[in-house]
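Below: the structure, in structure tokens.
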């Protein structure tokens, strides 16, 4: 019954506030065919100038400009969650994605998550996990108080701002423990380390929305690789300059 009322309510909202193209304003869609044709896609993975670099490859759908920029901003700052499915489909049909064991995303801190009400990259990660038919897991948690990366002017400021930001999530640790529960012969003390050993998770696709220097993805990848993940691929909707 609850699902029924939710469907009815969403239908009413679509009538009162129909979707419109973020590029030209056309009613009925958040991205019309004409505006789709204006997107400047990026065909090859990015090479990041980071030292040390913990990301094996970074796949980016397009440049952060025009209709895609408007689409992302509307999604993030006006809380139009339905755009998450539009962006996921855009990525799926226009970006060559690597084969991975698991899909995850860059988390928000609790304050920003409460303010926004949702994590935009989490929605995209879940949608892509369904399309790619691989597990979705929240692998990381964000801790402490850090400034917004977009407000940092230099690469050094971005790196310093992110130090100690990410830790392995309890959900991911529990997931790995459950994978090994019937086959693991380690003693209890060894189990408590929660290291990613003797399990099937060797590669992760880690999703963020916009990449500039790549420091956020790199810091998150560092934590995952120290935990024992062999290969980390980054994926972002857009590349900003």
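The values are calculated or read from the model by the stated rules, or taken from the named source; none is laboratory data. Keep in mind that what you see is a predicted model, and the values were worked out from it rather than measured. Reconstructed Cβ throughout: ideal geometry from the backbone, glycine too, with neighbour counts over all protein chains shown.
Remarks
- Every residue from the stretch 78-106 that is outside any helix (DSSP H, G or I), surrounded by 15 or more Cβ atoms within 10 Å (Cβ to Cβ) and in contact with a strand residue (DSSP E or B) (Cβ under 8 Å, 6 or more places away or on another chain): 95, 97, 100, 101, 102, 103, 104, 105, 106
- Checklist (1) over 20 Å from residue 24 (Cβ atoms); (2) touching a residue at least 60 places away in the same chain (Cβ under 8 Å); (3) under 15 Å from the mean Cα position of the chain (by Cα) applied to residue 101, failing item: (3)
- Scan of the stretch 107-125 for residues that are assigned to a loop (DSSP other than H, G, I, E, B) and surrounded by 11 or more Cβ atoms within 10 Å (Cβ to Cβ), ordered by number: 107, 108, 109, 118, 119
- Helices (runs of 4 or more DSSP H) within the stretch 126-237 that include 1 or more residues at pLDDT 85 or above and within 14 Å of residue 100 (Cβ to Cβ): 215-227
- Scanning the stretch 31-53 for residues that are modelled with pLDDT of 95 or more and surrounded by 15 or more Cβ atoms within 10 Å (Cβ to Cβ) yields 31, 32, 35, 36, 39, 42.
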